[in-house]
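Here's the structure we're looking at; comments come further down.
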């Protein structure tokens with residue numbers, strides 16, 4: 001019995017032709033020039049634990065006053081990852097940073113709206129008063145944020 005050579009289908013040929021382009025695009029990213037920014041937020045040396053009953057947010061505001069503000073939610077392990085709109089990352093540059101955390105408090109009345117108790121010092125809620133400033137470099141950045149609770153100094 002002879003061997004029958006199987007010719008590639010048109011779709012297989014097209015996929016092979018696209019493979020180098022797809023690899024190039026993956027290596028270059030989407031071309032949005034955003035740097036990846038991650039880190040861990042701590043309060044008095046302990047991870048700030050965001051999650052179901054705690055809403056914790058990090059806000060990076062461009063120091064120049066111009067540009068896109070990047071925002072990240074703090075997870076249960078204290079980690080955050082910045083987003084600029086729907087895109088992961090932040091434009092490289094200098095930022096003033098704010099960080100807030102509020103614990104949700106549910107009252108006895110199930111029909112009443114829940115209230116909240118601020119966990120972080122109020123000064124950290126405003127980038128102008130937080131004392132937190134970072135420079136985001138192109139590429140990957142790990143920028144940890146150390147906060148102090150009210151009365152524990154900075």
If I model a spin label as a point 7 Å beyond the Cα along the Cα-Cβ vector, how far apart are those points for residue 133 and residue 44 in nm? 2.9 nm
What relative contact order, as a whole-number percentage, does segment 36-147 give when Cα pairs under 8 Å and 6 or more residues apart are counted? 33 percent
How high is the relative contact order of segment 31-96, in percent, with contacts defined as C-alpha pairs under 8 Å that are six or more residues apart? 38 percent
Got a sec? Which residues in segment 111-135 would a label at residue 103 touch, if it sits 7 Å along Cα→Cβ and we count backbone N under 20 Å? 113-125
Specify, per residue and in Å³, the volume enclosed by the convex hull of the alpha carbon atoms belonging to segment 43-96. 93 Å³
Difference of contour (0.36 nm per residue) and Cα-Cα distance, residue 111 to residue 52: 19.3 nm
Alpha carbons only, please: Rg and Dmax for segment 36-147, in angstrom. 14.7, 50
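No value in this document is a laboratory result; all are computed from the given coordinates. Since the structure is predicted, the reported quantities are computational estimates derived from the model, not experimental observations. As a convention, Cβ positions derive from the backbone with ideal geometry for all residues, glycine included, and neighbour counts pool all protein chains shown.
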